[in-house]
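Only one structure is covered here, and it is reproduced in the block below.
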Amino acid sequence: MNMTVKQKLKDRLGRAAEMAGLLRRDLRSKMVVVTFHRVNDWMEQDGITCGSAKFEAFCNFFRTHFQIVRLSEQVAGCRAGRFMGGTLSITFDDGYRDNFEVAAPILRRLGLPAAFFVTTGFLGTDYIPPWDRHLARQPGWMSWDQVRALRDQDFEIGAHTDLHVNLAAMEPSAIRTELTRCRTKFKQELGELPALFAYPFGGQENISTCSIELVREVGFQCCLGAFGGVNRSGADPFHLNRISIGGWYATPHQFALEVLLRRA
Ligand SMILES: [Zn+2]
């Protein structure tokens, strides 16, 4: 992949910070959640698509610099007031089929936990979301069988609404209906209700106070955005930030520099 001048510079600065020992000291105080969308080698790399070698390089970097834990462990730690600095959890949004076919085998080989946030209304369908309409070949969604297989492989499955809606633009009754429909499908297909929730789109403008309250009220234990940023240990589980790894970060050291510069 060709790196931009900016990406190259950030990669170099990240490497320099690592050599100076800054990274090691800094990362210990931050709780990080990263998110991926697609991991495969047949699509062009873009904002939400990451090649398998790059994905593995990031995983190895995470292993070297953080204690990789389950997202639910970070959430439980925050709730209990335990120190969670230096931990990182890996998440995936939307429910793309390559999560099962490409990412999960790499994670299993490396022995790493992860949480997969699935859009229940997309699973097992040919639905093409607006952001994928330009693609000549569709990446496709996982089936519920594949999601169950991930669960049985000890990965965590979280909710990403039923139809990937913008909750901040909806009336409370519609939000409740959307969340409940998603939870009901979890119960039917996985035999249990989901505890983890990640906002569709995940920008600050997609997250409203009202929707956070409803997410809490229907029974979730956390809400995750995707607009970047790190968390301090003991952060409110209903206001967790995530860093999205796609085309934005060309290398793990560029990502590391970003973490270093962010205040928890
Ligand atoms: Zn999404």
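For the reader, a short list of remarks on this structure follows.
- Those trypsin sites (Lys or Arg not before Pro) in segment 11-79 that DSSP places in a loop and that have at most 15 other beta carbons within 10 Å: R28
- Intensity falloff of segment 1-73 expressed as log10 I(q)/I(0), Debye formula with alpha-carbon point scatterers, at q = 0.11, 0.17, 0.23 Å⁻¹: -0.36, -0.85, -1.26
- Alpha carbon centroid spacing (whole Å) that separates segment 230-264 from segment 186-201: 24 Å
- Contact order relative to length of segment 1-62, as percent, for alpha carbon pairs under 8 angstrom and 6 or more apart: 19 percent
- Estimated FRET transfer efficiency (A16, R82; beta-carbon r; R0 22 Å; 0.05): 0.10
- As a rough guide to protection, the peptides 224-234, 145-155 ranked by mean Cβ packing within 10 Å, highest first, stand as 224-234, 145-155.
- At full extension, A174 and L190 could sit 3.4 nm farther apart than now, given 0.36 nm per residue minus the alpha carbon distance.
- Of the beta bridges in segment 5-261, as assigned by DSSP with both residues counted there, near 15 percent are antiparallel.
- For segment 1-19 and segment 51-109, distance of Cα centres in Å: 22 Å
- Between T4 and D132, residue separation times 0.36 nm minus the direct Cα-Cα distance comes to 43.7 nm.
- Comparing S211, S173, S52 in a Gaussian network model of the chain (Cα springs below 10 Å), the most mobile by mean-square fluctuation is S173.
- Of C182, C223, C210, the one that fluctuates the most in a GNM where the chain has Cα springs shorter than 10 Å: C210
- Here the sum of -39500 (n - 2.57) over DSSP H runs of 4 or more residues, divided by the residues of the chain, equals -11500 deg cm²/dmol at 222 nm, to the nearest 500.
- Distance-filtered residues of segment 96-127 - backbone nitrogen under 13 Å, label point 7 angstrom along A149 Cα→Cβ: 97-106
- Listed residues T177, T251, T91, most fluctuating in the chain (Gaussian network, C-alpha, under 10 Å): T177
- Simple spin-label estimate for T64 and R28 in nanometres, 7 Å along Cα-Cβ: 1.9 nm
Here, each number is a calculation from the coordinates, and none is a lab measurement. Fair warning: this is a prediction, and the values are worked out from it, not measured in the lab. Backbone-built Cβ (ideal geometry, glycine too); neighbour counts: all protein chains shown.
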